[in-house]
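Quick note: the coordinates plus some simple rules give every number you see, no bench work behind them. Note that the structure is predicted; figures quoted are calculated from it, not measured.
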Amino acid sequence: MKTLLTAGLVLALAACSTTSPDVIKRGDAQRLSTVQDAVVINVRPVVVEGSQSGIGGTAGAVAGGVAGSSVGGRREAVVVGVLGAVAGAVVGNAVERGATREQAIEIMVQMRNGERRAIVQAQGNESFQPGDQVVLISTGGTTRVTRAQSVAPRS
């Protein structure tokens, strides 16, 4: 039972957060974005730290409290239930942090005006190498990097 709760919690939390450039938030759909040309200078792997929203700790506390309260007699059940809730909260928090942690990349780019910028995003379907032509797409305070598409000039 406890393993099933933990597995469900991990799956639910993993679905909640992403920095993937291939996933667009619903609120960003059909919004005008700013597009800037750039060239990749460097790419390196990084880790996006997991979140601690309190959902994992709360779910763990409930599961631990329920499991602990079924141990022993009436008096022992209260004490073990409280201890189970505390331990469950600690474990649930750690599970949430681990489940929402992501492997990502930091892409350093040089803009046409010479400015340098760095963007961290999950590794999407595209890979980047120094010298690649890219575009920075900014929407609502979020920026993602994608490969520049070459367009043939019209005659």
| said: From the phi angles alone, apply the Karplus equation (6.51, -1.76, 1.60; θ = phi - 60°) to the stretch 130-143 and give each ³J(HN,Hα) in whole Hz, x where the residue is Gly or Pro. | reply: x, x, 5, 7, 9, 10, 9, 10, 10, 9, x, x, 10, 10
| Other-chain or far-sequence residues with amide H under 5 Å of residue 105's (modelled H) | 46, 121, 122, 123
| Rounded to whole Hz, the Karplus (6.51, -1.76, 1.60) HN-Hα couplings of the stretch 106-118, x for glycine and proline | 9, 10, 9, 10, 10, 7, 4, 7, x, 5, 10, 9, 10
| Could you give the length gained on full extension between residue 86 and residue 25, defined as 0.36 nm per residue of separation minus the Cα-Cα distance, in nm? | 18.5 nm
